[in-house]
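Structure, as structure tokens:
The values are calculated or read from the model by the stated rules, or taken from the named source; none is laboratory data. The structure presented is a predicted model; accordingly, all values stated were derived computationally and were not measured. Neighbour counts run over all protein chains shown; Cβ positions are idealised from the backbone, glycine included. We work out accessible area using only protein heavy atoms, side chains counted, and drop any ligands, DNA or RNA first. Shrake-Rupley method; radii C 1.70, N 1.55, O 1.52, S 1.80 Å.
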Amino acid sequence: MKIGVLGCGSMGSGIAQVAATAGHEVILFDNNKDALKRASQKLQKILNRLVEKGRIDDATAKAIFGRIYMVNNMKAYKDCGLIIEAIIENLEIKKSVFQKLEKIVSDDCILASNTSSLSIASIAAACEKSDRVIGIHFFNPAPLMKLVEIIPAVQTANEVLEKSKNLIDNWGKLTVVTKDTPGFIVNRVARPFYGEALRILEEGIADAPTIDWAMTEIAGFRMGPFTLMDYIGNDINYTVTETVFKAFYNDPRYKPAFTQKRLAEAGYLGRKSGKGFYDYSESAQNPAPKKNKRLGKSIVNRIILMLINEAADALFWQIASKEDIDIAMTKGVNYPKGLLQWADEIGISKCVKGLDNLYKEYGEDRYRCSPLLRRMAKQGKTFYKKKKRV
């Protein structure tokens, strides 16, 4: 099957590399010739680096590169069996592109969007044959990240879902199927990792280095929330939070933080701008964390409780299976363990009590406990069966 990728940014190029590595001929389109040239040079560098590290040999690198055709005319998509769009997160632009694609491709060509938070149903509604549209959401960098979220719209045909999932599985990826709701699994469930950390900062309970220290050294995350926000970019991270917040009819659980908005407005975007929550200039001396174990544990407890609550609510609303929710968070954003597994380890009743204490303290709907956790606590249930001791 010939694969089309629309957009040659880091995500689009990464997807093209994945498909070509799996043996497909890939048509990589962008309407910017200079961008295509940069993408070609970058891809060659990446493949050369893989050869240097001994991951692939020179012949394989040349074969992968040779299967990717850089084009600036959409008509080259004519014989593709699947096209994955990876352009700007703008619904109207995506709709327009999908309408153009329909006029070029065959009736059985699958049209997929790599959107991280926009409605697949809305994109599909712009197409005459809406049942062929699906969400296939890779994580950056696509060649390295195992997880791919598969998002069928209400219009998507079952055979399109099955064909898409099987194809991406055959590319060596780990797929999870999720409902077409804002943020899907990862960008929904992960919101408290940033949001609650920002809330703790804004309340003056701890500074950014201390919160990051607690979440890495005590909780076991690879990056603390502020380091990660600076890495992603405060403009991008804020926009995703704002998008999810608005899409959930201003649910306070997803409320964005003014602190991050002001950084984005000031151009303090993080690593890419040289300054964000941290200063990345050569002579910069960032403050050291206050390594107070008691404070650190209270920070971890609060953020983990909110993450568990979000994961439980995603299961309550049948966004995905419990296994897929835990896989998504460990493989998509490298969490140290699945959040529902973590809830079992802490104790469901203890999670409910902790959330209720936060609700009593703040009186905000943000801290409401998921009905699923409350029911499970009453019934003495766990998410996973306890392993019998031998």
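Remarks
- Amide H contacts under 5 Å for LYS275: LEU269, GLY270, TYR280, restricted to partners 5 or more places along the chain or on a different chain, H placed in the peptide plane at 1.01 Å from N.
- Once the 1.4 Å probe is applied to the protein heavy atoms, region 62-135 comes out at 44 Å² accessible per residue.
- For the cross-link pairs LYS103/LYS179; LYS350/LYS386; LYS2/LYS94; LYS353/LYS381; LYS103/LYS129, the ones whose C-alpha atoms lie over 19 Å apart are LYS103/LYS179; LYS2/LYS94.
- As a length-normalised measure over Cα pairs under 8 Å and 6 or more apart, the relative contact order of region 86-128 settles at 59 percent.
- When shorter helices are ignored and each DSSP H run of at least 4 residues is given -39500 (n - 2.57), the per-residue value for the chain at 222 nm works out to -15000 deg cm²/dmol.
- Whichever aspartates and glutamates have a C-alpha closer than 16 Å to that of LYS291, once near sequence neighbours (fewer than 8 apart) are set aside: ASP207, ASP212, GLU217
- Excluding same-chain neighbours fewer than eight residues apart, the aspartates and glutamates reachable from LYS275 by a Cα-Cα span under 15 Å are ASP230, ASP235, GLU265.
- The label-point distance for LYS75 and ASN140, in a model that sets each label 7 Å from Cα toward Cβ, rounds to 3.3 nm.
- Between region 252-315 and region 79-155, the Cα center-to-center distance that results, in Å: 31
- Taking every alpha-carbon pair under 8 Å whose residues sit at least 6 apart, the chain reaches a relative contact order of 12 percent.
- Estimated distance in nm for a label pair at LYS272 and LYS386, the labels positioned 7 Å out from Cα along Cα-to-Cβ: 4.8
- Straight-distance crosslink candidates among lysines, where the alpha carbon sits under 21 Å from LYS45 and sequence neighbours closer than 8 are dropped: LYS33, LYS37, LYS53, LYS62, LYS272
- For region 33-191, the fraction of 1.4 Å probe accessible surface lying on carbon and sulfur atoms is 50 percent.
- Solvent exposure ordering (accessible area, 1.4 Å, most first) of ARG375, ARG222: ARG222, ARG375
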